Amino acid sequence: MLIKNKQNNLLTEADVTDEVIYRQRRDVIKTMGFMGGTALMSHSVQANPFSFFSKEEKPLFKTRKLDYKAAILDEQKRTPEAKVISHNNFYEFGTKKSDPSENAQHFQVNPWQLKVHGEVNKPFILDYDDLYKQFFLEERIYRLRCVEAWSMVIPWLGFSLAKLIRKSDPTSDAKYVAFETLHDKEQMPGQRSRFGGIHYPYVEGLRLDEAMNPLSFLAVGLYGKTLPPQNGAPIRLVTPWKYGFKSIKSIVSIKLVKHQPPTSWNRLAPQEYGFYANVNPNVAHPRWSQASERRITSGGLFDRNRIATLPFNGYGKEVSHLYKGMDLEKYF
Ligand SMILES: Nc1nc2c(c(=O)[nH]1)N[C@H]1C(S)=C(S)[C@@H](COP(=O)(O)O)O[C@H]1N2
Ligand SMILES: [Mo]
């Protein structure tokens, strides 16, 4: 196991629960002068007229049932829906795991515009209804492995990214795909911070061949319904062999580009988060091991459900050829 930072060898494997890790990760943002949770909350309280009501009285974001074809690619036990929609990372709505589900219920997703453009012969825009109608929806049950060493098994609904890219007819100059989340300070309290941290809008990227891999998925729903806002409504990326931060939420732009695009966590801490971010138990994060993970099932936070992490999150057969000849310790 490769440990890049000696100091953190003081933590034993058992000490490194993902809760500790998540705090360390969030602290990177604090260290950079970000205001953090408290200031964030008071912002959203000011901005949100429903904050004075109890949780039960809040009008909840409405999801609706979707038609789909099941294409189950992973037989493992699914994480309960209640966990999938309440334990989230979506810093635009706050840095605590419970913040997105609490702060995003008023998020407006209709109307929506997703622009597909750049090095393409046929740029196009998908509006809200197109997201569910333009492509045949299928269900994919994928493992999601967060860089903080927790994981879930989620039944997504959506379509392969390759279908959308093919429709745009990329030019021969298209080598990478750049993704961008909605930038809307009115709706996203986390974007109002003027003190550094993540430079919004959140951006991500893939090499074109990674994007064209059949596993790369655009999700518009989960558990048979449209996506709740905390999970990235109305459309988000899912790349199950990469750490969760690659799976960018609430996308408004997909741009085919010539050069490797900047990505949010890499820009914030390049020595900790690479562009590739392939799940790799043999390459530790500088401050914690990636050799194992806590699989979130039906138990609570203290549920002992620690399992070994697999190379490419167990999808090596499907994707390892993409990285043939590359030094995965250098291109982490
Ligand atoms: N725009 C945006 N996308 C994002 C994030 C974020 O903070 N902002 N967090 C990422 C991280 S770190 C993870 S683990 C996954 C979590 O997805 P989930 O909340 O649906 O489980 O979303 C990713 N996509
Ligand atoms: Mo993550």
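The values are calculated or read from the model by the stated rules, or taken from the named source; none is laboratory data. Since the model is a prediction, treat every value here as computed from it, not as a measurement. When we count neighbours, we look across all protein chains shown, and the Cβ atoms used for this are built from the backbone with ideal geometry, even at glycine. Accessible surface areas use protein heavy atoms only, side chains included; no ligands, DNA or RNA. Shrake-Rupley method; radii C 1.70, N 1.55, O 1.52, S 1.80 Å.
Residue separation times 0.36 nm, minus the C-alpha to C-alpha distance between F136 and S292: what's the value?
52.6 nm
Classify segment 201-301 as rounded, prolate or oblate, taking a ≥ b ≥ c as the square roots of the eigenvalues of its Cα gyration tensor: rounded when a/c is under 1.5, otherwise prolate if a/b is larger than b/c and oblate if not.
oblate
With r as the distance between the Cβ atoms of K324 and E81 and R0 = 35 Å, compute the FRET efficiency 1/(1 + (r/R0)^6) and round to 0.05.
FRET efficiency, E81 to K324: 0.40.
For segment 191-259, what is the accessible area per residue in Å², given a 1.4 Å probe and the full set of protein chains?
That works out to 24 Å² per residue.
How much solvent-accessible surface does Y243 expose, in Å² to the nearest 10, with a 1.4 Å probe and all protein chains in place?
For Y243, the solvent-accessible surface is approximately 20 Å².
What is the spread of the Cα atoms of segment 10-323 along each of their three principal axes, largest first, in whole Å?
Dimensions of segment 10-323 along the principal axes of its Cα atoms: 48, 47, 37 Å.
What's the magnitude of the charge dipole for segment 193-289 around its Cα centre, counting Lys and Arg as +1 and Asp and Glu as -1 at the beta-carbon? Answer in Debye, nearest 20.
Computed about the Cα centre, the dipole is about 220 debye.
Can you tell me the FRET efficiency between I72 and I307 if r is taken as the Cβ-Cβ distance and R0 is 22 Å, rounded to the nearest 0.05?
Efficiency computed from Cβ-Cβ geometry: 0.60.
Take each of the peptides 124-134, 214-224, 63-73, 231-241, average the number of other beta-carbon atoms within 10 Å over its residues, and list them starting from the highest.
Ranked by mean Cβ neighbours within 10 Å, highest first: 231-241, 214-224, 124-134, 63-73.
Tell me the carbon and sulfur percent of the accessible area for segment 136-189, rounded to whole percent, probe radius 1.4 Å.
That share works out to 47 percent.
Straight-line reach from K324: which aspartates and glutamates have Cα under 20 Å away, leaving out those fewer than 8 places along the same chain?
Correct list for K324: D209, E210.
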